[in-house]
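Structure, as structure tokens:
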Amino acid sequence: MSGFYSEALTSKHDRRAFSCGVDVLDDYLRVRATQDVRRLCAAAFVLVPDGEPYLIAGFYTLSAFSVALDTVPDSIAQKLARYPVVPSILIGRLARSVSFPGLGAVLLMDAITRCVRQSDEIGASLIVVDAKDERAQGFYEKHGFIALRGVSKRLVISMATAAAAVGSREVAKARKN
């Protein structure tokens, strides 16, 4: 992630200048993101270019989530504890500025890395995303996410697979056992 760093969204970041080209995501960042953070509904993180600490190149949100085990694909479910509900982390929103094409994968890997680190502190077996359309669904599938059964455009990846993808050997090893 050379040339960028991620950090929690704060009042120093210029939310008004951000545009990803999707009104609902732009409006969320400008109006609701700080409210969600303040109300503990989501944690919001921004990707910032080196040397421009106020500029937002992209953002994502994370929150606690759970998934019904019977919706999880068998290839993942067979490796999970047999509880009816699986603890998860939701990447609720993810968007990059139109000024920074190609950063979607960087944002996703940053979000996944943060999820893996947090799963060491608070148990979470899965990472969940909601794709806004078929294009977004294809993007997530390209990065290893698999569609849940019976839930339109909701995808999941196991924490062990995510840990392996971002090189967290300790978490990947622990999650496989």
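Condition check ((1) more than 8 Å from the chain's Cα centre (by Cα); (2) surrounded by fewer than 17 Cβ atoms within 10 Å (Cβ to Cβ)) across all residues:
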| residue | (1), (2) |
| --- | --- |
| Val85 | yes, yes |
| Phe100 | yes, no |
| Ala105 | yes, yes |
| Leu108 | no, no |
| Thr113 | yes, no |
| Arg117 | yes, yes |
| Glu121 | yes, yes |
| Ala124 | yes, no |
| Val129 | no, no |
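You will find that of Leu80, Leu69, Leu47, Leu62, the residue that is within 25 Å of Lys142 (Cα to Cα) and modelled with pLDDT under 95 is Leu80 and no other. In region 17-57, how many residues are in a helix (DSSP H, G or I), in contact with a strand residue (DSSP E or B) (Cβ under 9 Å, 6 or more places away or on another chain) and farther than 21 Å from Ala105 by Cα? Residues meeting the conditions: 4.
Checking every residue in region 19-26 against the condition of being under 28 Å from Leu148 (Cα atoms), crowded, with 16+ Cβ neighbours inside 10 Å and of a type in the set (Val, Ile, Thr) gives zero matches.
The combined condition, being out of contact with any Ser or Thr (no Cβ under 8 Å at 6 or more places or on another chain), over 25 Å from Asp133 (Cα atoms) and either of a type outside the set (Gly, Ala, Ser) or surrounded by 13 or more Cβ atoms within 10 Å (Cβ to Cβ) (or both), is not fulfilled by Arg30.
Residue check: Val37 meets all listed conditions (1) hydrophobic (A, V, I, L, M, F, W, C); (2) in contact with a Cys (Cβ under 7 Å, 6 or more places away or on another chain); (3) over 24 Å from Val151 (Cβ atoms) but one, namely (2). Given (1) modelled with pLDDT of 95 or more; (2) within 18 Å of Arg135 (Cβ to Cβ); (3) surrounded by fewer than 16 Cβ atoms within 10 Å (Cβ to Cβ), identify the lone condition not met by Ala95. It fails just one condition, (3). Residue pairs whose Cβ atoms lie under 8 Å apart, separated by 6 or more positions or on different chains, with the first residue in region 26-55 and among the small types (Gly, Ala, Ser) and the second part of a loop (DSSP other than H, G, I, E, B), are Ala33/Leu9; Ala33/Arg15; Ala33/Ala42; Ala44/Leu9.
The values are calculated or read from the model by the stated rules, or taken from the named source; none is laboratory data. Here the structure is a predicted model, which is why all the values come from computation and not from measurement. A quick note on method: Cβ atoms are made from the backbone with ideal geometry, for glycine too, and the neighbour counts reach across all protein chains shown.
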